[in-house]
Structure formats: structure tokens, C-alpha cells
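The next block holds one structure in the form of C-alpha cells; read it before the comments.
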């Protein structure tokens with residue numbers, strides 16, 4: 001059975017800290033891995049990863065994929081209170097997207 | 001990216017009634033839309049894939065007679081929760097796959113509360 005697992009489930013850090021969120025997957029017919037941020041309702045897109053070893057970067061956020069070991073990490077440096085959210089990892093199999101368990105990040109001032 | 005509109009944003013209904021949720025792709029012709037369900041503090045669970053002009057594909061464990069999906073046009077998919085019960089209370093959210101189905105664009109979701 002295909003599945004997507006994220007760790008940790010929750011995380012509380014202080015502003016300025018750096019965090020690393022993990023996403024591992026077991027899947028046949030892997031197409032891509034995506035990261036989303038969900039603050040209140042609709043998740044917002046962060047990154048899409050298809051190739052191993054190529055880092056995607058946007059401001060203080062970055063992500064990388066390891067297709068051999070079947071995992072991805074999302075890094076957030078110099079965290080701010082506005083980074084508090086649930087971070088979701090999704091894996092695309094054929095045309096469907098399956099989401100991981102999510103990591104709830106809380107950044108305290 | 002695709003702009004997705006979902007209505008209503010919140011609905012409260014009595015047990016036994018049916019509730020219809022609409023998902024519209026405003027700027028993109030979507031042959032495929034996805035319906036997810038999310039319980040508090042849990043992740044998004046794929047319920048079904050809505051296919052324009054044909055039957056929806058349901059995930060294992062999702063009752064197709066309970067959750068009726070209609071995708072009659074390239075811009076509209078509807079999810080009807082039939083004979084709703086309190087255990088159906090949840091956050092329902094639709095999404096569109098975008099160009100080549102590369103990434104998902106989400107509606108704003110519908111919070112369903114069944115009394």
C-alpha cells in the first residue's frame with residue numbers, strides 16, 4: 001500500500017530557529033513530490049520536486065528530494081511567527097495526489 | 001495557476017438531509033478535479049477523482065452512494081453528501097490539477113457540521 005509519512009508530527013520553535021521537516025514515501029509509479037503550507041483553509045503551494053539532489057529555494061525556504069532513499073526535506077531558516085502552519089507533503093502517483101500526515105509548526109516570539 | 005472557487009464555505013444541517021458542495025475552476029478547463037476530506041488536526045484524505053463527462057473514481061473505503069460526485073462541465077464539479085450524519089462532519093476541499101496535472105490548486109474548502 002502506497003503511503004506518505006511526515007515527521008515530526010508537531011514542532012514548537014523560537015523565532016530565528018532553523019527547522020527541518022521530513023517526508024518519506026513508499027510508492028509505485030512516483031511522478032513528483034510537492035510541499036504545501038496550510039494556515040487556515042486552502043493549502044498554498046510551496047515546491048514541486050521531480051529530480052533527486054536538486055535544491056529548490058524560495059526565500060528562507062528550501063527543499064530537496066532523494067529518490068533513491070525515498071524522502072524529501074523542507075528547511076526553513078530564521079523562522080518567523082508567520083511560518084506557523086501545517087506543512088503538508090504530497091506525492092503524485094499517476095494522476096492522483098496523496099498527502100502525508102502533516103507537520104504542525106508553531107513559531108513562538 | 002488555476003483559480004478555484006468552492007461554495008458554500010460553511011454549512012450546518014440536520015441529520016438526514018443532503019448537502020451539495022460546488023467547486024468551480026474559474027480560469028482553467030479542468031477535465032479532472034479532486035475531492036479531499038480533512039478531520040481536525042489530520043491531513044487531507046483523497047476521497048475521489050472527478051472526471052468530466054464520466055463517472056468519478058472513488059478511493060477505497062469511500063462510499064460512492066454516500067458521496068455523489070457530478071462533473072458535468074469542464075469548470076464545475078459537485079459533491080453531494082447524501083443523508084448526512086454527524087460522523088460526516090468534516091472539512092471538505094476540492095482541487096484542480098492545473099496544466100498537465102502537475103500541481104494542485106485548492107478551493108477554500110467547506111466546513112460541514114451535521115447536527
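Quick notes on this one:
- Take each residue of peptide A:58-65, count the partner chain Cβ atoms within 10 Å of its Cβ, and average: the result is 0.
- Stretchable slack from residue A:13 to residue A:108, in nm (0.36 nm times residue separation minus alpha-carbon distance): 33.6 nm
- Averaging the sequence gap over all C-alpha pairs within less than 8 Å and six or more residues apart, then dividing by the number of residues, gives chain A a relative contact order of 38 percent.
- In plain terms, the residue of B:21, A:64, B:93, A:54 with the fewest other Cβ atoms within 10 Å comes first and the most crowded comes last, giving A:54, A:64, B:21, B:93.
- Inter-chain Cβ neighbour count for A:88-99, averaged per residue, equals 5 (cutoff 10 Å, partner chain atoms only).
- Computing FRET efficiency as 1/(1 + (r/R0)^6) for residue A:51 and residue B:108, where r is the C-beta to C-beta distance and R0 is 22 Å, gives about 0.10.
- Residue order, fewest to most surrounding Cβ atoms within 10 angstrom, among B:27, A:83: B:27, A:83
- Sequence-separation-based contact order of chain B, relative, with Cα cut under 8 Å and 6+ spacing, percent: 37 percent
- Exposure proxy order (Cβ contacts within 10 Å, fewest to most) of B:10, A:60: B:10, A:60
- Between the range A:33-109 and the range B:6-82, the Cα center-to-center distance that results, in Å: 25 Å
- Treating r as the C-beta distance of residue B:82 and residue B:41 and R0 as 35 Å, the FRET efficiency rounds to 0.85.
- Counting Cβ atoms of other protein chains within 10 Å of each residue's Cβ and taking the mean over peptide B:41-48 gives 5.
A short reminder: the numbers here are calculations on the coordinates, not readings from a lab. None of these values were measured; they are calculated from a predicted model. Please note: Cβ atoms are built from the backbone with ideal geometry, for glycine as well, and neighbour counts cover all protein chains shown.
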